[in-house]
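Just so you know, all these numbers are worked out from the coordinates, no wet-lab data involved. As the structure is a prediction and not an experimental result, all values here were calculated from the model. All Cβ positions, glycine included, derive from the backbone under ideal geometry; neighbour counts span all protein chains shown.
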Amino acid sequence: MITSGNCCVWRIKFPSVDLHTEVSAALRVTLPPVLLEQVLANVILNAAQAGATHLWIIAERIENGVSIVLQDNAGGNR
């Protein structure tokens, strides 16, 4: 995920994008990590290509699972 050894690849490709995260270290999801990594990599890529300079990833526990909110400042549709 973002905290793995692959975390800095996006910084090399898109140094102008600041990634802000609010994720509890105790938060767990039950899916293969590679799937979550691919989704996050695609979101970072899309945001950077759209001109974003900031990307926020906020994950929190909700009643029946985990909520992951992604937001950028590229100005596109929600």
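Data for the structure
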| item | result |
| --- | --- |
| Tail beyond 19 Å, pair distance distribution of the stretch 9-72 (Cα, percent) | 34 |
| Furthest towards positive pole of dipole, Asn46, Val34, Trp56, structure part the stretch 9-72, Cβ charges | Val34 |
| Per-residue HN-Hα couplings for the stretch 65-74 [Karplus 6.51, -1.76, 1.60; θ = phi - 60°; Hz; x = Gly/Pro] | x, 10, 9, 10, 10, 10, 8, 9, 10, 7 |
| Protection proxy ranking, peptides 61-71, 40-50, average beta carbon neighbours within 10 Å, highest first | 40-50, 61-71 |
| Rough spin-label spacing in nm, given labels placed 7 Å along Cα→Cβ, for Gln49 and Ile68 | 1.9 |
| Among 12-21, 28-37, the order from most to least packed when residues are scored by Cβ within 10 Å on average | 12-21, 28-37 |
| The stretch 9-72, dipole about Cα centre (Lys/Arg Cβ +1, Asp/Glu Cβ -1), debye to the nearest 20 | 180 |
